[in-house]
Structure formats: C-alpha cells, structure tokens
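The values are calculated or read from the model by the stated rules, or taken from the named source; none is laboratory data. Keep in mind that what you see is a predicted model, and the values were worked out from it rather than measured. Every residue, glycine as well, gets a Cβ built from its backbone with ideal geometry; the counts of neighbours run over all protein chains shown.
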Amino acid sequence: MTMLLKNTRNEFIKILAKPRSYIGLAALTLLIVIILFAMKADGKMYISFVTASFEQTLSFNGNVLNGNLIAFIILQMLIVHIPLLVALVTGDLLSGEAAMGTLRMLLTKPISRNQVVFSKLIAAAVYTLILVLWMGFLALFVGRWIFGTGDLIVLNSDGLVILNYTDVLWRYGLAFLVAYLALMTVSTLSLAFSAFADNSIGPIVSTMAVIILFTIIGTLDVSVFDLIKPWLFTTHMASWRSYFNDPVPWSAIYNSIYILLAHNVIFVLIALVKFRKKDITS
C-alpha cells in the first residue's frame, strides 16, 4: 500500500510536469470566461429567446439572468467538450511511458503491473476531479459573483421548470458529482486504450472516436439501435440534468450511475488484463 501511494504521488507529479495538463485547465478557463463575457454582454437576448413561447402565460420578474442559470448553461455547454481535455492527459499515462521507453525502468521497482495501472488510475482521477472542481468554482461561484443569485429557470422536454434559489445548491453539488463520474468513464476508457498503444496520439483519438460514434448512435432515430442505446455510457453523460427536474427522477439517476460505474469497472479491467500481458521490451 505504501508503494502504491508513493507511486501514485509520482504519477501525479508526472501529470503536473506535462504542458498538456495545463492546456486543459487553460482551455477550460478560457471557454468559461468567454461564456461569462457573452452572457454579460448579450444575455438578456438569450433569456428573451428561451422564454418567448411562455410570455403569454407567464410573467418573469426579478433577476432571471443570475449565477444559477449561468452555471447551468456552462455545465450544459462544456460537458461535451471536457472529455477531450481529460483524454489529452489520461490517454498518455501508459502509452506515453511506452513511447519514451520508461515502462521497463518503472517495472524494475518493487511494484506489480496491477499497482502501476491503479496508481495511474488514481492520478488520473485526481486530475479529472481538479478539472470538475475548477469548472464548478468558475461556473457557480464566479457566476454568482458576477450575475448575482436568483431562482433557476430550466427548459427541459416537459416544459419550463422554475426552482427556488434556496433549492438549487444541493442540486448542483450532486450534478457535479455525476458529471465527474461521467468524465471518469472517459478517463478509464482512454486508460484502457493507452494500455494497447505505444504512442500518445492513438488512445486520445480512439477515445474521442468512441465518444463520437456512441453519441451518433444515441441520437439516431433508428429502431435497430434501440436495444443498445440505454447501455451506452454516452447516453448517461448528461444525466446530471435530471437533478434539475421537479420532482427529481431518482430511479433514472440511479440507473445512469450504475451504468457509468459498470463501464468504469469494465474499462479498468481491460486496462489491467492488457497491461499484465503486454510485452515490454524497452
């Protein structure tokens, strides 16, 4: 256990030493700043567009364009872009070592191949958590500081949902947890691909290809895909939105969590099995 923790610390230091790790944080920060600036400059037009069809039956008063709404918009926009930022780092964890020829030296230490995979997995989980926490801080707390607080108005498939500002924060806490689990699925997928590759680009491209393919299958209205759609992890990557329904569909959320957890376990097992059998010559 001591060796695992020590190696995990070393793996996280390796992540911090790579420029691509900071590229992910910088890109995330820039995207959120752009969204904040755009909503500050022209947010009222966006609100008018969203609420136009309800203005004849509802009257919207108060601070509609508030930090709670801004956080929802940011989370909705960026959850489809962050997987690339995650894959940039996690897809390089095993394949990058293979490309540099340092895997053989790593395995000379008193640590098993399973422990190597788990130490890299934990380091990847910490990095992914940092991305999610940073996004949450910028989206929710900076958003509230700039736009103030107020009731959250959400447009979903069932119509308009209005949530009292006192009933929002716990929903965001749970939503970010599910978003983190979804991004961890991307992280473990790229780690699994990394176990097969000897270069850094292959796992990143493969991870994004799978996400794009599964997303397309999930959006196609073709009956032949109806049986597999509920089991694709991409189908559940936006399940965080369910926390902003009233009432909250807990059974659907639990189902999404189970499927995401199952994918994480499967991808980690694939990485473990492949890395244990991997012929490391350099």
Worksheet item: Taking region 184-215 as the region of interest, how many residues are surrounded by fewer than 23 Cβ atoms within 10 Å (Cβ to Cβ), touching a residue at least 60 places away in the same chain (Cβ under 8 Å) and under 17 Å from Ser21 (Cβ atoms)?
Response: 1
Practice prompt. Could you please find all residues in region 207-228 being over 21 Å from Thr90 (Cα atoms) and among the β-branched types (Val, Ile, Thr)?
Written response: Ile216, Ile217, Thr219, Val222, Val224, Ile228
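For region 132-172, enumerate the residues that are of a type in the set (Gly, Ala, Ser) and under 18 Å from Leu31 (Cβ atoms).
Quick first cut of region 132-172, residues of a type in the set (Gly, Ala, Ser) only: 136, 139, 143, 148, 150, 157, 159.
Matches in region 132-172: Gly136, Ala139, Gly143.
A quick yes/no check of all residues on (1) in contact with a Pro (Cβ under 9 Å, 6 or more places away or on another chain); (2) surrounded by 12 or more Cβ atoms within 10 Å (Cβ to Cβ); (3) among the aliphatic types (A, V, I, L, M); (4) within 17 Å of Leu121 (Cα to Cα):
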residue	(1), (2), (3), (4)
Asn7	no, yes, no, yes
Asn10	no, yes, no, yes
Ile13	no, no, yes, yes
Arg20	no, yes, no, no
Gly24	no, yes, no, no
Thr29	no, yes, no, no
Ala38	no, yes, yes, no
Asp42	no, no, no, no
Met45	no, no, yes, no
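Does Ile211 satisfy being at negative phi, under 15 Å from the mean Cα position of the chain (by Cα) and of a type outside the set (Ser, Thr, Tyr)? Let's see the steps before the verdict.
On the way: at negative phi: yes; under 15 Å from the mean Cα position of the chain (by Cα): yes; of a type outside the set (Ser, Thr, Tyr): yes.
Answer is yes for this residue.
Looking at region 229-264 only, could you name the residues that are in a loop (DSSP other than H, G, I, E, B) and either among the acidic types (Asp, Glu) or at pLDDT 95 or above (or both)?
Taking region 229-264 first, the residues in a loop (DSSP other than H, G, I, E, B) are 232, 237-238, 245-249.
Scanning region 229-264 gives a single hit, Asp246.
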